[in-house]
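Report on the structure given below.
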Amino acid sequence: MSEVKNPLGLVGIEFTEYATPDADYMDKVFTDFGFSKLKKYKDKDVVYYNQNDIHFLLNNEREGFSAAFAKSHGPAICSMGWRVENAQKAFEVAVERGAKPATESANKDFPYPAIYGIGDSLIYFIEIFGDKGSIYDNDFVDLEEQNIVKDKGFLRIDHLTNNVYKGTMETWANFYKNVFGFEEVRYFDIKGQKTALLSYALKSPCGTFSIPINEGKDDNNNQIDEYLDEYNGPGVQHLAFLTNDLVASLDQLDQSTIATLDIIPEYYETIFDRVPWVKEDKEKIRKHQILVDSQSENCYLLQIFSKNLFGPIFIEMIQRVDDGGFGEGNFQALFESIERDQERRGVL
Ligand SMILES: [Fe+2]
């Protein structure tokens, strides 16, 4: 492969598209997270939700790519739109570099050039954003009944994590590296009480988001394999929303819909000794069961994870204070929390 750092001219994430058999439920989840329901695609039942620079499409079409995707996966992230300087050129270069093109036979729902991504989801290339306007202005119309809600401080997508079959992590890492120019930033080996996983984090060549990839390490019904069974293939395990004030975001969040993972009380007996420079109210951190991590002095991140929210997919909420990590110090606590949840559900 050539040495070009950003061969497709990738600039960031434009949208995430959801396929679901239950649109009302997804609408409630999005609303509770503080997304406003604003528009629909001009000739399709695809609804546009927005909060700051996070853009969601909820596809309710009964035919086409998304409908077929929902049939085989249940509630799913069936596509993403990635911002590039020139969509057609990015598409051509991606195919040259080994990506599989999504042509007319893919029955794709939008006219933007696209390739196949993780688990045969689509990655659309979007060139209209920022100063050039937006696809929502060009290709969508206002809903008669908009639902504009107060935003909850979620600014953009910080990262999205993929779960893949054992032995295929390298293949998928190479896909992101070879086609887009992602770079490896971290490698983890995580062991719980009963199960284990490997994780490999990649940073986009534009530096605006990351893609960690997980694969299970044993044959013990670990949480990655449970996901793969339920989702019927590899895909997005979670999306992380960035906020500048996680405590305030959680104060506003409707906890009735969006349950978060429980953290053992002992966690808070030591965490503030390990990360004493946290500025937020420690009582609130404990009350919301927020996880804290730090890679170096005066830098830290706060994060929290929902339980599985739609199908096996969950949402992370993250606040970064000069910390570019993924909460490595919390992987153990988090992994064990999911194991406890698996045990309660009778999976382990
Ligand atoms: Fe994450």
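Taking every alpha carbon pair in region 118-255, what does the distance histogram look like in 10 angstrom bins from 0, in percent?
10, 30, 31, 23, 6, 0
What is the distance in Å between the Cα centres of region 162-194 and region 5-47?
Centre-to-centre distance over Cα atoms comes out at 25 Å.
Roughly how many debye, to the nearest 20, is the charge dipole of the chain about its Cα centre, given +1 on each Lys and Arg Cβ, -1 on each Asp and Glu Cβ, and no other charges?
With Lys and Arg at +1 and Asp and Glu at -1, about 180 debye.
Taking the Cα atoms of region 205-343, report the difference between the largest and smallest coordinate on each principal axis, in whole Å and largest first.
Principal axes ranked by extent give 42, 37, 29 Å for the Cα atoms.
Using only Cα atoms, tell me the angle between helix 331-344 and the longest principal axis of the chain; keep it within 0 to 90° and round to the nearest 10.
The angle comes out at about 90 degrees.
Taking a probe of 1.4 Å, how large is the accessible area per residue of the chain, in Å²?
41 Å²
Going down the list 5/37; 71/284; 44/71; 152/307; 108/177; 108/203, which pairs span over 30 Å between their C-alpha atoms?
Working: 5/37 37 Å; 71/284 41 Å; 44/71 18 Å; 152/307 19 Å; 108/177 25 Å; 108/203 27 Å.
Going by Cα-Cα distance, 5/37; 71/284 fall outside the 30 Å limit.
Based only on Cα atoms, what Rg/Rh ratio does region 4-115 have, Rh being taken as Kirkwood's radius?
Using only Cα positions, Rg/Rh for region 4-115 is 0.99.
Straight-line reach from residue 279: which lysines fall under 16 Å, measuring Cα to Cα and dropping same-chain residues less than 8 apart?
Result set, ordered by chain and number: 287.
Quick check on region 51-173: what are the equivalent-ellipsoid semi-axes from the Cα gyration tensor, as sqrt(5λ), descending, whole Å?
25, 19, 17
Kindly express, to the nearest 10 degrees and within the range 0 to 90, the angle between helix 87-96's C-alpha long axis and the longest C-alpha principal axis of the chain.
Around 80 degrees separate the two axes.
Can you pull the Kirkwood radius for the chain, inverse mean 1/r over Cα pairs, to one decimal in Å? Please report the intermediate quantities before stating the final value.
Details: mean 1/r = 0.0482 Å⁻¹.
Result for the chain, one decimal place: 20.7 Å.
Work out which trypsin sites (Lys or Arg not before Pro) in the chain are exposed loop sites (DSSP not H, G, I, E or B, at most 12 other Cβ within 10 Å) and give the longest gap free of them.
Of all site-free stretches, the longest is 151-278.
Along each of its three principal axes, how wide is the spread of alpha-carbon positions in region 242-324, in whole angstrom units, largest first?
Its Cα atoms span 38, 26, 23 Å along the three principal axes.
Running Debye on region 200-249 with equal point scatterers at the Cα sites and no solvent, what base-10 log of I(q)/I(0) appears at q = 0.15, 0.18, 0.19, 0.32 Å⁻¹?
Result of the Debye calculation: -0.60, -0.76, -0.80, -1.21.
Would you kindly calculate the translational diffusion coefficient of region 276-331, applying Stokes-Einstein with the Kirkwood radius from alpha carbon pairs, for 25 °C and a viscosity of 0.890 mPa s, and quote it in µm² s⁻¹ without decimals?
204 µm²/s
The values are calculated or read from the model by the stated rules, or taken from the named source; none is laboratory data. Bear in mind that the values here come from a model prediction, so they are computed numbers and not experimental data. All Cβ positions, even for glycine, are placed from backbone atoms using ideal geometry, and neighbour counts span all protein chains on display. With ligands, DNA and RNA removed, areas are computed over all heavy atoms of the protein, side chains included. Shrake-Rupley method; radii C 1.70, N 1.55, O 1.52, S 1.80 Å.
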